[in-house]
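Reviewing the structure listed below.
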Amino acid sequence: MTDEGTVEAPAGSRRAAAAGRVAAALLVLPIIWLFASEAWRVRWPGMLVAFVAVGWPLLVVAWRPIVPPSWRWSLGFAAVLIWADLLLDWWLETPSDRELASPEWEIARVAILVAVSFVLTRLPPVRWLRPLRAAIVSLSCAFVVLLAGLVLFIALAGPRDQARPADAALVLGREFFPDGSIRPELYARVDRAAALYRAGQVKHLVLTGASGGSRHPGPTEAGVMRELLVARGVPIEAMAVEIHARSTEENFACSMPILGELHARTVLVVTDPWHMPRAVYQGSRYAGDMELLAAPASQSPEWTGLRARSKHLVSEAVAYLFERVRRIHGSPSTCPP
């Protein structure tokens, strides 16, 4: 008999089931952390707490049958998440000045995870955990399949070019590197915007993007793009600059009044291919009767490079799904002062 009063399964079946639970948990663990990071990036602390406080206990419950009630396993659980975090930071090349990388957050997160893991592994076994574990494993596998489908969708839809004569082009900014230098994606977006203007497809360029944050309060993404476009021969009177938006959602919330003043009915959205599906989806919330058309910067090194493309496809799939969930209950963003 097992500790839950059921007939003990053969050793091989138990090992297979245990391996399946561990595999599912290891698959969903980095995804939970990606969702938590995305919640922090868009300043949604409630969802961040939900992912860490709810997602992590569910994983502990899923692992419960193969984990002895020991503090060593509690530390092991926390170590797995830290390993996943470091692996994602390396693979995704996360900026070192991200708020989540602060020592205070790291220490608090590890302490919370150790405490929650210790409490849950000390709980006596109960019957209702068995169907819950099965549900967690099933949902984890379903989520991985959904994520794979979103990756394929972004890979196919992202580079689709809809550029044609339009009233204006909206060029989305890209945060600077931690040292304040310009990312190659920003250069690629500027090059595409300049090409659209020179080809006569648009007469107005709206550039959107705030500064690099508290560590780089000086130059703004939009201001840097204007300088680069002037160097490429675009007249300054053809450009409008919006310097308040700190996210994709705010790019559209802040830029729509400018586009309205230009009486724009069709707008070309300029950003990287991996970012395009989410950008157009978020922009549709603010566009009203305005038609948004994709004009991807497909020559961006973040798209032409295999490793860069793969990391962006996965992270954008998570971000795209996150935005779908957030729109269910979240209100539209407003342009910050």
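The values are calculated or read from the model by the stated rules, or taken from the named source; none is laboratory data. Values in this document were obtained by computation on a predicted structure and should not be read as measured data. Glycine also receives a Cβ, built like all others from the backbone with ideal geometry; neighbour counts cover every protein chain displayed.
Would you confirm, using the coordinates I've provided, whether residue 205 is within 22 Å of the chain's Cα centre (by Cα), surrounded by 23 or more Cβ atoms within 10 Å (Cβ to Cβ) and touching a residue at least 12 places away in the same chain (Cβ under 8 Å)? It is false that residue 205 is within 22 Å of the chain's Cα centre (by Cα), surrounded by 23 or more Cβ atoms within 10 Å (Cβ to Cβ) and touching a residue at least 12 places away in the same chain (Cβ under 8 Å).
Across region 149-201, what is the number of residues that are surrounded by fewer than 16 Cβ atoms within 10 Å (Cβ to Cβ), small (Gly, Ala, Ser) and in a helix (DSSP H, G or I)? Summing the residues that are surrounded by fewer than 16 Cβ atoms within 10 Å (Cβ to Cβ), small (Gly, Ala, Ser) and in a helix (DSSP H, G or I) in region 149-201 gives 2. Counting only strands (runs of 3 or more DSSP E) that sit completely within region 217-312, those holding 3 or more residues that are closer than 30 Å to residue 148 by Cα, touching a strand residue (DSSP E or B) at 6+ places or on another chain (Cβ under 9 Å) and at pLDDT 90 or above correspond to 266-270, 291-294. Whether a residue is crowded, with 17+ Cβ neighbours inside 10 Å, under 26 Å from residue 164 (Cα atoms) and assigned by TED's automatic domain parsing to the domain that holds residue 172 was assessed, and residue 230 does not pass this test. Being under 17 Å from residue 188 (Cβ atoms) and surrounded by 23 or more Cβ atoms within 10 Å (Cβ to Cβ) is not true of residue 313. If I ask for residues that are farther than 23 Å from residue 235 by Cβ and either at pLDDT 95 or above or not charged (D, E, K, R) (or both), which ones from region 162-212 would you list? If the condition is that a residue be farther than 23 Å from residue 235 by Cβ and either at pLDDT 95 or above or not charged (D, E, K, R) (or both), then 162, 176, 177, 178, 180, 181, 184, 210, 211, 212 are the ones that fit.
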